[in-house]
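Everything on this sheet refers to the single structure shown next.
Each reported figure results from applying straightforward, stated rules to the coordinates on display, with no laboratory input. Note that the structure is a prediction, hence the values are computed from the model and not measured. Reconstructed Cβ throughout: ideal geometry from the backbone, glycine too, with neighbour counts over all protein chains shown.
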Amino acid sequence: MKKIVTFLLLVSLSQVANAQAYSGKGDRKFQVGATFQNGGTGINSTFDLGLGENMSIGLVGSYMLNATSIGSEKAKFSDRAEVKARFNANLGKVIGLDSKMDLYPGLNLGTRNFGAHLGFRYFFSDGFGIFAETNMPLAKYKSEVVGFDRYNNQFVMVIGASFNL
């Protein structure tokens with residue numbers, strides 16, 4: 001029994017030692033997480049594809065699960081959902097972080113605004129890690145954001161799981 005436990009421990013440690021948060025061109029990441037913002041919480045998923053040593057592009061889909069009502073009006077699907085294209089500068093290697101970590105600031109262009117994000121990933125193994133990300137609008141498409149448009153034009157925090165594909 002002791003030999004089996006030792007073997008499993010060594011295999012686990014070797015997986016952690018090989019974990020990479022960003023490997024450059026061709027790197028593919030899928031992330032799924034929970035969103036926290038004023039007015040509700042939701043789910044968020046991203047897919048990122050590495051274009052070069054420190055650059056990636058991707059898509060984001062988010063949906064508010066429990067949006068609060070405004071007056072007697074309830075949020076519709078179109079009020080809760082958003083899709084964005086994004087660009088990341090993967091800086092983990094540039095700033096000397098361990099290969100299991102990545103810091104990625106970026107820009108995103110969505111159905112409701114042009115914004116920025118800042119994220120951090122940490123991988124426990126070659127295929128699985130965790131991430132935290134903040135998102136905020138830089139330019140809104142409407143000059144006055146009222147009603148349910150406020151849901152998609154504010155600071156949002158996301159935490160969740162990250163997977164290498």
Exercise. If only one of Leu65, Leu59 is surrounded by fewer than 15 Cβ atoms within 10 Å (Cβ to Cβ), aliphatic (A, V, I, L, M), within 25 Å of Gly147 (Cα to Cα) and out of contact with any helix residue (DSSP H, G or I) (no Cβ under 7 Å at 6 or more places or on another chain), which one is it?
Worked result: Leu65
Exercise. Taking the range 124-165 as the search range and keeping residues that are surrounded by 13 or more Cβ atoms within 10 Å (Cβ to Cβ) and without any contact (Cβ under 8 Å) to a residue 24 or more places away in the chain, which one is nearest to Asn44 (Cα to Cα)?
Worked result: Met136
Seminar exercise, completed: Reported set for the range 128-148 where residues are in a strand (DSSP E or B) and aromatic (Phe, Trp, Tyr) is Phe128, Phe131
For this session: Name every residue in the range 99-138 that is closer than 14 Å to Gly33 by Cβ and in contact with a helix residue (DSSP H, G or I) (Cβ under 7 Å, 6 or more places away or on another chain), in order of residue number.
Result: none
